[in-house]
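Data block below; observations after.
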Amino acid sequence: MCDRYTLTCSADLLQKTFGIKMEDFQPFYNAGPTQKLPVIKVENNPAVNEMFWGLIFNWSNNKKISPKLFNLPGQSALEKKAYRRGLEENRCLIMADGFYLWKQISKRQNTPYYFYLPDHSPFGIAALWEDYEDMDGKSTQSFIMMTTESSSEVAPYQDDMPLLLDHQAMKKWLQPDLDINDIEIILNKKPIDSLKFHAVSPMISNLENNKPELIKSSVPSDQHGNYTLFS
């Protein structure tokens, strides 16, 4: 599962990459489920929308949030009729310039790693959004990140990874009238395999932490912050 990503580049670079303008942009060094985050919806004039990451109606304050609420394998979306309409009408794009994955060392120990493009440039992650209306009639929008089978570089650390889109795929993904066959081609594209990565501090496990130090290279450590010789 992928439950953290970053968006740390400048507003000017975001505009150059995604063709959108963000006012008062603040970087995200530790974007995670339940947070309100900027995504681009498929519209005639794509614009940034703030949505919650995760399927809100299933949130619980007393339980660990299931990966099924914030990650959706691309192949599952293609195979299940329940997601067909979402793929055709409710696509959106997550703006990111890196993501975190946890490598399991033992039953109780995981080490976080940060993955990014060699030039640290931003990229898109495929996603779907939905509206949720509560008992009082209040409508809230949320999104779910799409994932794919890990590339050869990522596979030693985790079985799946975010479904990254290159510039051409991003443009297609945001087209309102995109045919389901073209959507299938995008979801089945070979994962990007030119990523760099390094171990980072386990302090990303706390969503309240949002600072540049989180993406810096760190000696692999366990979930309690203790240094370990394992990598």
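The values are calculated or read from the model by the stated rules, or taken from the named source; none is laboratory data. In this text the structure is predicted, and so the values were computed from the model without any measurement. Here Cβ is always computed from backbone atoms with ideal geometry, including for glycine, and neighbour counts include all displayed protein chains.
Against the criterion of being part of a helix (DSSP H, G or I), in contact with a strand residue (DSSP E or B) (Cβ under 8 Å, 6 or more places away or on another chain) and under 20 Å from TRP53 (Cα atoms), ILE204 qualifies. Taken over region 101-129, the residue count meeting the criterion of being of a type outside the set (A, V, I, L, M), more than 25 Å from ILE183 (Cβ to Cβ), in contact (Cβ under 8 Å) with a residue 24 or more places away in the chain and in a strand (DSSP E or B) is 9. You will find that of SER205, SER152, the residue that is over 17 Å from the mean Cα position of the chain (by Cα) and on the phi < 0 side of the Ramachandran plot is SER152 and no other. A single entry from ASP12, ASP119, ASP97 fulfils the requirement of being of a type in the set (D, E, K, R), modelled with pLDDT of 90 or more and under 12 Å from the mean Cα position of the chain (by Cα): ASP97. Annotation for region 164-183: at least one member residue is assigned to a strand (DSSP E or B) and closer than 27 Å to PHE52 by Cβ.
Counting just the residues of region 38-79 that are charged (D, E, K, R) and surrounded by fewer than 12 Cβ atoms within 10 Å (Cβ to Cβ), which one comes out modelled with the highest pLDDT?
Pass one, region 38-79, residues charged (D, E, K, R): 41, 43, 50, 63-64, 68, 79.
Next, only the ones that are surrounded by fewer than 12 Cβ atoms within 10 Å (Cβ to Cβ) stay: 43, 50, 63-64, 79.
Details: GLU43: 79, GLU50: 93, LYS63: 46, LYS64: 54, GLU79: 86.
Looking at residues that are charged (D, E, K, R) and surrounded by fewer than 12 Cβ atoms within 10 Å (Cβ to Cβ), I get GLU50.
Any residue that is under 22 Å from SER218 (Cβ atoms), hydroxyl-bearing (Ser, Thr, Tyr) and surrounded by fewer than 17 Cβ atoms within 10 Å (Cβ to Cβ) - is there at least one of those in region 111-118? Checked region 111-118: no residue is under 22 Å from SER218 (Cβ atoms), hydroxyl-bearing (Ser, Thr, Tyr) and surrounded by fewer than 17 Cβ atoms within 10 Å (Cβ to Cβ).
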